[in-house]
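Note sheet for the following structure.
Laboratory data are not the source of any read-out in this text; all were calculated from the coordinates shown. This is a predicted model, so every value here is computed, not measured. Cβ placement follows ideal geometry from the backbone for every residue including glycine, while neighbour counts extend to all protein chains displayed.
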Amino acid sequence: MKKLSIVAVALVFAACSSQLATPTQADADRGAAMHQGLALAQLQEGKKLYAAECNRCHPLKDPAKWTAAEWSEIMPKMIKGVEKKGGVLTDEQKDNLLRYAQTMAKKGA
């Protein structure tokens with residue numbers, strides 16, 4: 001029974017993370033307007049962290065539900081929540097999380 005529960009949790013996590021938009025070079029180019037020198041690898045790391053860390057407190061949500069400006073306010077609060085749950089993030093990881101969320105945010109707002 002325990003193995004079945006572990007498999008079920010893994011499948012749910014995999015399904016949720018696969019629904020997140022995968023950043024492309026076009027996203028990195030667009031995101032560079034907000035974050036000078038933004039590299040695709042930073043966005044990919046941000047997505048990986050988003051899928052792993054944001055899931056600690058709530059089901060994953062599409063970053064496009066909010067604007068880049070809203071993410072500026074949301075992300076610091078969410079990072080504090082992750083840290084309260086025992087997560088340890090470097091400054092670079094925090095930056096990559098924000099870069100990912102802002103780049104993949106709702107367009108045109």
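Key figures for this structure:
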quantity: Gyration tensor (alpha-carbon) shape descriptor, the stretch 32-86, a/c threshold 1.5; calculated: prolate
quantity: Residues Ile74, Ile79, sorted so that the one with the fewest Cβ neighbours within 10 Å comes first; calculated: Ile74, Ile79
quantity: Total formal charge among the other residues, if their Cβ is under 13 angstrom from that of Lys65, Lys/Arg +1 and Asp/Glu -1; calculated: +1
quantity: Inter-probe distance in nm under a simple model that places probes 7 Å from Cα toward Cβ, at Leu89 and His58; calculated: 1.4 nm
quantity: Fewest-first ranking of Tyr100, Tyr50, using other Cβ atoms within 10 Å as the exposure measure; calculated: Tyr50, Tyr100
